[in-house]
Structures are given as C-alpha cells and as structure tokens.
Amino acid sequence: MKKNIKILLIVGMMIAIFTGFTYFDSFMYHDPIVKVETVRNLQKITSTDEYKNTDTQITQLVTGKLINTDKRGKRVKFKNTYYRSQLIDTKYSVGQQVILTKNYSPKNVKRDTSIVFTLGLVVFLLYCMKFDRRKLFISILINVVIYYGYISVIIRTHNSVLLPLTVITALLISETALLVILGPTYPALMAYSSTVLATTTALLLSTFVLSLSGYSGIHLELNDFELQPYLSVFLSQVIFSVLGVILDETMDISSSLIEMKKELSDVAENTLFKSGINIGRELIGPLINILLFIVIAENLNVVLLYLSNGNSIGYTMNMTLSLGIAQLLISAIGIVLTVPITSFIASRVITRRMK
C-alpha cells in the first residue's frame, strides 16, 4: 500500500513539473508569444437569418506583453474578430498565452500546458489502477507507429490502395494489441481468429446485402469533405469502427471461458459453448447501444445544422445519419456473429489445450 502511494506521489510530482515547464517554455518557440493582460470589446454586431438563427460578431482589442524573443517585455495590441458560436475563430481572455505572427497578428492559443496536464491526468489515473500499464503503453505506441505508416502510404498513393491497406493495418493493429496484452498464448490466438472471422463475415454479408439494393438510401458521396473513392472510404471507416468492439467482445468471452475451465476442470466442451453464448447475449445489447451513442454524438452537430436551416426531419436524417446507421448495422451484425464464432473456437481450444 505504501509503495503504491509513493509511486502515485512520484507520478503526480512529475506531471506537475512537466505541466509547469510547458507554462514557462515560451523561450522554445520561434514565433512571438504574448500573455494577454486586458481585453476590451470594441463592437458587437448581431445578425439573424431567414430561419431565425442568431449569431453575434464581436471585435476585441487585446493588449498583452511579449514573453519571448528579443522583444520580451514589449507591450503589443491587436484586434481580434470572432463570432459567439466560435465555429472557426477564437475568443481571447485575460491570462491566455497567444502565439502571434511576425507582424504581431494572432495565430493561435498556446495549448501545450493544457495538453500535457490532460495527458498527465490520464497517466495518473492509469497508475491508480492495478494492472500492467507497460503493456498498455507499448501497444498504444506500436499501434500509433502502424497508423502513422498507414497514413503515410495513403498520402503517397493518393488513396489508390486505401481498402487493402486498411485491411492489412487492421490485422496488424489487432494482432499487436493481443500479442502485447495477452502474449503469444492460446487466448490471444482464440481472440485474434474470432475477431478476424467475425469482422470478415460481417463485412462480406453486409456488402452483399447492400450491393443487392444498389446502396439505395446510403449516400456514400456524403463522406466528410467528399473523399474519394467513396465506397473504399466508407468500408475503411466500418472496418476500424467494428474492429475495436469485436476485439473487446472476443476477449471478454474467451477470458470468461478460460476462468470457467480453471474452476471446473472437467467441464464439457458443449457446456463451455453454451456458457459462451450466454455471456455473449449479455454483451450484445450494451455494445450496440454504445455504437448507437457514438453515431449520434458524431453527427449531432450536422443534424442541428440541417434542422436550423429549415430542412425537414426526414430529409435531415437521410442526409446526415444514413452512413452512420449503415455502419451501425454492419457493426451490429459483427457483434452478433462474434458470439457463436468465439464461443465455438474458445470451447474447442480450451477443452483440448487446457487439460
């Protein structure tokens, strides 16, 4: 207990030191940085469109003191115009550190302190939990490297190999996560094979059904920023979205059956299979609801934008949620298929290898 408290104190002190350093690290920036001392509103203009949507444009006069470069200590002033909605602009407040251009116009808020503190808080909370944190950090680091390579290849090939590259990346990411967390063991092999089979079956079945209907009602052209090729982008999104939830589900079922085998060494294969089905039934509902909430959260801003501009609810849902709902249905198919596939593979492997 005392050892854990000591570790938490050390981690907390390191987070405080790093956070404090980033607050005073302006000397490391080439661009001038000003600490805002006073803010005065010069003008407010309120506008209302034909759909009764109201927004206010505000012009600020910001005064502050430079805290880096050879002009350190010099007071500068600049004007900043923003809308109250702050969709693509920024409101500046007293105490903020603002990065400026060479001619002292605002570029962006200096956010490294808040970012480092947030990351440090996550690390601190992870240390509060008793589990092997090294495996988590290693798997995340390796998967970030894999994803960076994935993005780099896509940029060089201009999306021409997007779908096959997504499949390869998904296989590598899931394999890396399982090998690092579970090690080269039979549980890792069970989870990996179940994940690949369930994901592949769900995608093939779903694309077959969608192709029969000619993708009617699925507006693939509404991918963000009209990314092409539409279908490859859509399927790549589906692969990554369904992979994580299926991987979690297979690990839950497999680990539960392994523990059951340890407690009841003479348990039959058929009993393990039925137990896996029962466990999976309890997981299906929460997992599908989680995906539904993600779809709603991802598209809430666009839905509100459509509705605020006089579009009907039916048209809005069709144009904003069709892709999200299609992804949800494909993921739901994968979640349901994962239960019998994982239960079958795990029950057979466990009864033959854990004697």
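Below are the figures for this structure:
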| quantity | calculated |
| --- | --- |
| Length released on extending from residue 172 to residue 103, taking residue separation times 0.36 nm less the Cα-Cα span | 20.1 nm |
| Estimated inter-spin distance, residue 81 and residue 29, nm [label 7 Å along Cα→Cβ] | 2.4 |
| Gain in span if fully extended, residue 114 to residue 56, counting 0.36 nm per residue against the direct Cα distance | 18.1 nm |
| Degrees separating the helix 322-353 axis from the principal Cα axis of the chain, which is the longest one | 40 |
| Cβ charges +1 (Lys, Arg) and -1 (Asp, Glu), total dipole of the stretch 226-336, debye | 220 |
| Option label - Cα Rg over 2.2 N^0.38 Å computed here, alternatives [x] 1.19; [y] 1.01; [z] 1.29 | [z] |
| Solvent-accessible surface (1.4 angstrom probe) belonging to residue 315, in square angstrom, nearest 10 | 100 |
| 3J(HN,Hα) from dihedral phi, the stretch 258-271, Karplus parametrisation 6.51/-1.76/1.60, rounded to Hz, x for glycine, proline | 5, 5, 5, 5, 5, 6, 10, 5, 9, 5, 7, 4, 5, 5 |
| Helix axis angle, 2-23 relative to the chain longest principal axis, alpha carbon, degrees | 40 |
| Distance from the stretch 67-83 to the stretch 287-343 (C-alpha centre basis), Å | 45 |
| Solvent accessible area, Å² - residue 136, 1.4 Å probe, full protein context | 50 |
| Listed residue (129, 170, 278) projecting farthest to the positive dipole end of the chain, Cβ model | 129 |
| Charged-residue dipole, Cβ positions (Lys, Arg, Asp, Glu), the stretch 54-183 about Cα centre, Debye nearest 20 | 880 |
| Options 237, 7, 203, ranked by Cα towards positive dipole end of the chain, top entry (Cβ charges) | 7 |
| Cα centre as origin, Lys/Arg/Asp/Glu Cβ charges: the chain dipole, Debye | 1760 |
| Heavy-atom surface of the stretch 99-180, accessible at 1.4 Å and reported per residue (Å²) | 64 |
| Value of [θ]222 nm, deg cm²/dmol, for the chain, DSSP H segments ≥ 4, -39500 (n - 2.57) each, nearest 500 | -22500 deg cm²/dmol |
| Relative contact order, percent, the chain [alpha-carbon distance under 8 Å, six or more residues apart] | 15 |
| Sequence of 117, 234 when ordered by accessible area, the most exposed leading, probe 1.4 angstrom | 117, 234 |
| Per residue, in Å², the accessible surface of the stretch 257-316 once ligands and nucleic acids are set aside, probe 1.4 Å | 64 |
| Fully extended contour minus Cα-Cα distance, from residue 255 to residue 282, at 0.36 nm per residue | 8.2 nm |
| Order of exposure, largest accessible area first, which applies to 257, 126, 189 with probe 1.4 Å | 189, 126, 257 |
| Accessible heavy-atom area order of 277, 325, highest first, probe of 1.4 Å | 325, 277 |
| Integer Hz, Karplus 6.51/-1.76/1.60 couplings in order for the stretch 89-103, x for Gly and Pro | 10, 9, 9, 9, 10, 4, x, 6, 9, 10, 7, 10, 7, 5, 9 |
| Violating pairs (Cα-Cα greater than 21 angstrom) within the set 74/102; 110/135; 135/262; 35/79; 52/79; 35/102 | 110/135; 135/262; 52/79 |
| Surface accessible to a 1.4 Å probe, residue 282 within the full protein complex, Å² | 140 |
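The values are calculated or read from the model by the stated rules, or taken from the named source; none is laboratory data. The structure displayed is predicted, hence computed values, not measured ones. FYI the Cβ positions are ideal-geometry reconstructions off the backbone, even for glycines, and counts take in every protein chain you see. The area values use the complete protein model at the heavy-atom level, side chains included, leaving out ligands, DNA and RNA. Shrake-Rupley method; radii C 1.70, N 1.55, O 1.52, S 1.80 Å.
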